Amino acid sequence: MQPGELVGLLGPNGAGKSTLVKAACGLVHPTSGEVRVCGAPAGSRAARVRLGYLPETFRQPAWCTADELLRLHQRLAGAAPSAARRSELLTLVGLPGLERLRVDAMSKGMAQRLALATSLVGSPALLLLDEPTSALDPVGRRLVRQVLEHLRDQGVAVLLNSHLLSEVELVCDRVAILRAGRVVAEGTPQELSHPSGLEVETALGTQVFAGVRREDVPALVARLVGEGQQVYAVRPLGGALEDAYLAAVEGESS
């Protein structure tokens, strides 16, 4: 992974996604091969100080306030006990001014966003997120996308393990599809999707152009406009990331 790169990790249940993330954290050990994080062996101190991790299932002390929890994580990460940094993180995850709010007074979505803030305490170079939007409503998921885009701008690499293909397609630069512990497909969302054609809505009605690639769209629209047609909408036909995912997974199982 490169600095600022967002990589989506997809695969069916049991494919090895969470195991891979845990191996990178040093929580489990591979039966063969080696896992390295930013050049250091997974689980070593050198790797841990470069890493942020949000597990799918997390527990937070119910009696802690948001500020107390972040302060605890600052101590655990060996980071400076900066109140300004804690306030900055709460604002980043959509919880501004809620330093004194206790965990047991938060909704599940708020607690998940607070957990995301704790994973960022040490200013990691690599962030591992295991189903970070599972408890969030559409507004919360959009906020997480904005956080990920902010991290990209800061040069933080992110590995996003998710079952929400639409989220991965929206935010990730690259996607890897796993099955039975192996990568069975890899590439950008556009490369994997392979649109099968284009549907163009014009004043003359809807026209279908089969086999049109993404890079051909501007020239096609320019041609139609040059012919005097009014173009109202352009929609890809099939070829969504979901199709690529099903083809990779079902192809392996057939």
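Since every read-out is calculated from the coordinates, none of them should be taken as a lab result. In this text, all values refer to a predicted model and were calculated from it rather than measured experimentally. Please note: Cβ atoms are built from the backbone with ideal geometry, for glycine as well, and neighbour counts cover all protein chains shown.
Excluding the site residues themselves, the longest part of the chain lacking any trypsin sites (Lys or Arg not before Pro) in a DSSP loop with at most 15 other Cβ atoms within 10 Å is 101-212. With springs connecting C-alpha atoms under 10 Å apart, model the chain as a Gaussian network and identify which of GLN74, GLN230, GLN112 has the largest mean-square fluctuation. Checking each option, the largest mean-square fluctuation is seen for GLN230. Along segment 231-237 the Karplus relation, 6.51 cos²θ - 1.76 cosθ + 1.60 evaluated at θ = phi - 60°, assigns HN-Hα couplings of 9, 9, 7, 10, 10, x, 9 Hz to successive residues, with x for each Gly and Pro. Computed extension gain for THR188 through LYS108, at 0.36 nm per residue and net of the alpha carbon distance, reaches 25.6 nm. Where both bridge residues fall in segment 110-227, DSSP classifies roughly 70% of the beta bridges as antiparallel. Highest mobility in the GNM of the chain, judged by mean-square fluctuation with C-alpha springs under 10 Å and restricted to CYS38, CYS25, CYS172, is found for CYS38. Once a ≥ b ≥ c are taken as the square roots of the eigenvalues of the Cα gyration tensor of the chain, is the result rounded (a/c under 1.5), prolate (a/b larger than b/c) or oblate (a/b not larger than b/c)? Prolate is the answer for the chain, as a/c is 1.5 or above and a/b outweighs b/c.
Highest GNM mean-square fluctuation, the chain, Cα pairs closer than 10 Å: which of VAL144, VAL212, VAL171? Among VAL144, VAL212, VAL171, the largest GNM mean-square fluctuation belongs to VAL212.
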